[in-house]
Number of protein chains: 2
Amino acid sequence: MQSWIDGQPAAAVNLQNRGLAYGDGLFETIAVRGGRPSLLDGHLARLTLGCQRLAISADLALVRDELLRYASQLEDGVAKLILTRGDSQRGYAPVAGAAPRRILQGSPLPSYPVEHAEHGVRLFPCQTRLGEQPLLAGLKHLNRLEQVLARAEWQDSEHAEGLMRDGQGRVIEGVYSNLFLVRDGVLFTADLSRCGVAGVMRAALLEQAALLGIPAQVCDLPFEALEQADEVFVCNSVYGVWPVRGVAALNWSPGPLTRKLQAVARTLLET
Amino acid sequence: MQSWIDGQPAAAVNLQNRGLAYGDGLFETIAVRGGRPSLLDGHLARLTLGCQRLAISADLALVRDELLRYASQLEDGVAKLILTRGDSQRGYAPVAGAAPRRILQGSPLPSYPVEHAEHGVRLFPCQTRLGEQPLLAGLKHLNRLEQVLARAEWQDSEHAEGLMRDGQGRVIEGVYSNLFLVRDGVLFTADLSRCGVAGVMRAALLEQAALLGIPAQVCDLPFEALEQADEVFVCNSVYGVWPVRGVAALNWSPGPLTRKLQAVARTLLET
């Protein structure tokens with residue numbers, strides 16, 4: 001589907017855009033089914049938080065309206081929303097009054113092998129470590145060179161995802177996903193206050209776990225936590241939940257809590 | 001002057017460009033005088049290193065030729081060269097064979113107050129700290145949200161630059177410049193192997209210092225090194241050298257080594 005800028009069909013963005021110059025903006029990758037964006041409130045909540053932290057004064061009601069209109073025309077696919085601080089002349093200083101640019105791009109729903117969801121995926125152990133930057137941690141901003149470098153580490157189709165750690169070796173997330181592990185019936189996922197992207201599906205699963213009475217902890221996860229895990233899974237807001245079969249020398253089978261949350265994710269994406 | 005993409009006049013870049021999507025690229029900001037780019041070899045050397053480290057397979061001879069052509073038409077000004085990995089569909093994975101995009105933008109030479117060079121500037125002590133990422137440190141890549149956040153910390157015209165430190169409080173650089181300090185006749189500048197941008201003027205001044213027999217050390221600089229400095233200056237490849245008059249409670253006067261290297265920088269920019 002044709003892309004939009006500020007609600008109008010467009011194929012190109014002004015060279016003065018600060019998204020290009022500095023990665024000065026945010027994005028959301030949103031599954032669209034039957035013309036409706038999945039997890040809409042979660043995506044808008046993260047975008048709102050990003051705008052606050054980067055001091056981008058976007059009209060978020062307008063962003064929402066445009067996204068709904070775009071999704072209704074896309075029907076089934078993935079809508080990518082990019083929100084940049086707008087255009088400016090050379091120089092890092094944000095220009096007061098610059099109009100943030102709203103970009104919408106559509107692509108077909110990806111057709112992942114069904115085994116990813118059924119039997120799980122192997123994670124490539126990325127050497128690229130996530131740098132710590134508390135001011136940007138959690139946000140889905142446009143500065144994504146770490147993910148580009150990490151994703152370039154493997155070309156084989158055996159690994160559907162990569163495992164990303166921080167400089168201390170702590171387990172943080174996947175390149176495209178968040179990671180959960182289960183031990184003794186408790187759900188664990190990494191604290192993302194120093195690095196990482198706080199995924200919309202991660203937030204939704206934590207919320208659903210609380211409603212279902214599944215104990216969950218958000219905390220630092222040393223690599224040993226992975227070694228001791230009973231179950232591991234990754235999640236994002238396009239495919240939901242994939243069990244993790246292994247990473248490096250570690251191996252797991254899809255477990256009961258993974259299956260339960262996989263069903264929850266499926267429901268979240270379909271309603 | 002009209003911008004170019006891949007050698008052709010253009011005002012907009014394709015929405016699939018990975019520079020916009022992920023900040024997946026590099027840039028150089030080059031002073032142009034009399035139709036010639038200053039410090040050309042230094043800029044191309046840093047760009048080459050960046051391409052190697054990001055595995056961007058650009059035709060650097062072509063980049064050089066286009067830059068020379070663009071500069072000859074710009075006459076006097078600043079040429080900004082952006083080199084992105086090119087276009088791709090959604091997804092972090094670099095696409096084999098994608099053609100890197102060469103973007104050139106021109107602007108007038110900035111007219112800084114003459115006092116900046118003569119009497120020096122005050123640095124705003126930025127709270128934004130530079131995150132550590134050895135894989136990207138030194139490069140002038142397009143992931144520049146830290147600089148955007150740091151530059152947004154002050155609006156007054158009293159501060160012409162900001163001082164950026166790392167998470168440990170070590171002195172690294174300015175928002176737009178590198179920083180040198182002098183103590184007991186020795187020149188010091190920060191080691192940039194964990195964070196920071198290795199400026200082309202910084203490299204040129206270190207080279208010239210060696211030729212002039214001025215002892216220089218590239219090392220970690222705790223904040224106390226600044227407190228104990230006899231002279232402090234910042235440099236970049238547009239304005240050359242500005243003495244630093246002060247930051248927070250610290251104050252300096254432009255010293256002899258600063259003046260000597262300021263003259264060196266002027267010569268480098270004019271030849």
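Please verify whether B:Ala45 is outside any strand (DSSP E or B) and within 12 Å of chain A (Cβ to nearest Cβ), treating the condition exactly as stated.
Working: outside any strand (DSSP E or B): yes; within 12 Å of chain A (Cβ to nearest Cβ): no.
Criteria not met by B:Ala45.
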Go through (1) more than 16 Å from the chain's Cα centre (by Cα); (2) within 11 Å of chain B (Cβ to nearest Cβ); (3) over 22 Å from A:Ala216 (Cβ atoms) and name the single condition A:Ser157 misses.
(2)
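Quick check, is B:Glu207 in a helix (DSSP H, G or I), under 30 Å from B:Gly106 (Cα atoms) and not assigned by TED's automatic domain parsing to the domain that holds B:Phe27? Reasoning before the result, please.
On the way: in a helix (DSSP H, G or I): yes; under 30 Å from B:Gly106 (Cα atoms): yes; not assigned by TED's automatic domain parsing to the domain that holds B:Phe27: yes.
Yes, satisfied.
Please verify whether B:Arg266 is surrounded by fewer than 21 Cβ atoms within 10 Å (Cβ to Cβ), in the same structural domain as B:Glu153 (by TED's automatic domain parsing), assigned to a strand (DSSP E or B) and not hydrophobic (A, V, I, L, M, F, W, C), treating the condition exactly as stated. Give the derivation first.
Details: surrounded by fewer than 21 Cβ atoms within 10 Å (Cβ to Cβ): yes; in the same structural domain as B:Glu153 (by TED's automatic domain parsing): yes; assigned to a strand (DSSP E or B): no; not hydrophobic (A, V, I, L, M, F, W, C): yes.
Answer is no for this residue.
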Conditions first: (1) within 14 Å of chain B (Cβ to nearest Cβ); (2) outside any loop (DSSP other than H, G, I, E, B). A:Val63 passes all but one, so which condition is the exception?
(1)
Please verify whether the stretch A:156-167 includes one or more residues that are surrounded by fewer than 23 Cβ atoms within 10 Å (Cβ to Cβ) and either touching a Cys at 6+ places or on another chain (Cβ under 6 Å) or closer than 20 Å to A:Gln16 by Cβ (or both).
yes
I'd like the full set of residues that are on the phi > 0 side of the Ramachandran plot and crowded, with 16+ Cβ neighbours inside 10 Å, limited to the stretch B:58-90.
B:Gly77, B:Gly86
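Name the single residue that is surrounded by the fewest Cβ atoms within 10 Å (Cβ to Cβ) among those in the stretch B:222-263 being of a type in the set (S, T, N, Q) and part of a helix (DSSP H, G or I). Steps first, answer last, please.
As a first pass, look at the stretch B:222-263 and keep what is of a type in the set (S, T, N, Q): B:228, B:236-237, B:251, B:253, B:258, B:262.
Subsequent filtering for residues that are part of a helix (DSSP H, G or I) retains B:258, B:262.
On the way: B:Thr258: 25, B:Gln262: 20.
That would be B:Gln262.
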Kindly provide the set of residues from the stretch B:75-100 that are within 16 Å of A:Leu145 (Cβ to Cβ), more than 10 Å from every other protein chain (Cβ to nearest Cβ) and part of a strand (DSSP E or B), ordered by number.
B:Leu83
Is it true that some residue in the stretch A:219-235 is touching a Leu at 6+ places or on another chain (Cβ under 8 Å), at positive phi and assigned by TED's automatic domain parsing to the domain that holds A:His119?
no
Only one of (1) modelled with pLDDT under 95; (2) of a type in the set (Ser, Thr, Tyr); (3) more than 27 Å from B:Leu139 (Cβ to Cβ) is not met by B:Thr271, so which one is it?
(3)
Kindly list, by first and then second residue, each pair from a residue in the stretch B:216-229 that is closer than 17 Å to B:Gly196 by Cα to a residue that is in a helix (DSSP H, G or I) and modelled with pLDDT of 95 or more, limited to pairs with Cβ atoms under 9 Å and residues at least 6 apart or on different chains.
B:Val218/B:Leu206; B:Cys219/B:Ala225
Only one of these is surrounded by 14 or more Cβ atoms within 10 Å (Cβ to Cβ), in a loop (DSSP other than H, G, I, E, B) and within 10 Å of another protein chain (Cβ to nearest Cβ): A:Gln147, A:Gln127, A:Gln133. Name it.
A:Gln133
Of the residues in the stretch A:176-221, how many are within 14 Å of chain B (Cβ to nearest Cβ), of a type in the set (S, T, N, Q) and buried (at least 19 other Cβ atoms within 10 Å of the Cβ)?
1
Being among the small types (Gly, Ala, Ser) and at pLDDT below 95 narrows A:Gly131, A:Gly138, A:Gly97, A:Gly120 down to just A:Gly97
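Would you check if B:Leu26 is within 14 Å of chain A (Cβ to nearest Cβ), in contact (Cβ under 8 Å) with a residue 12 or more places away in the chain and not in a loop (DSSP other than H, G, I, E, B)?
On the way: within 14 Å of chain A (Cβ to nearest Cβ): yes; in contact (Cβ under 8 Å) with a residue 12 or more places away in the chain: yes; not in a loop (DSSP other than H, G, I, E, B): yes.
For B:Leu26, the condition - within 14 Å of chain A (Cβ to nearest Cβ), in contact (Cβ under 8 Å) with a residue 12 or more places away in the chain and not in a loop (DSSP other than H, G, I, E, B) - is met.
The values are calculated or read from the model by the stated rules, or taken from the named source; none is laboratory data. Here the structure is a predicted model, which is why all the values come from computation and not from measurement. Every residue, glycine as well, gets a Cβ built from its backbone with ideal geometry; the counts of neighbours run over all protein chains shown.
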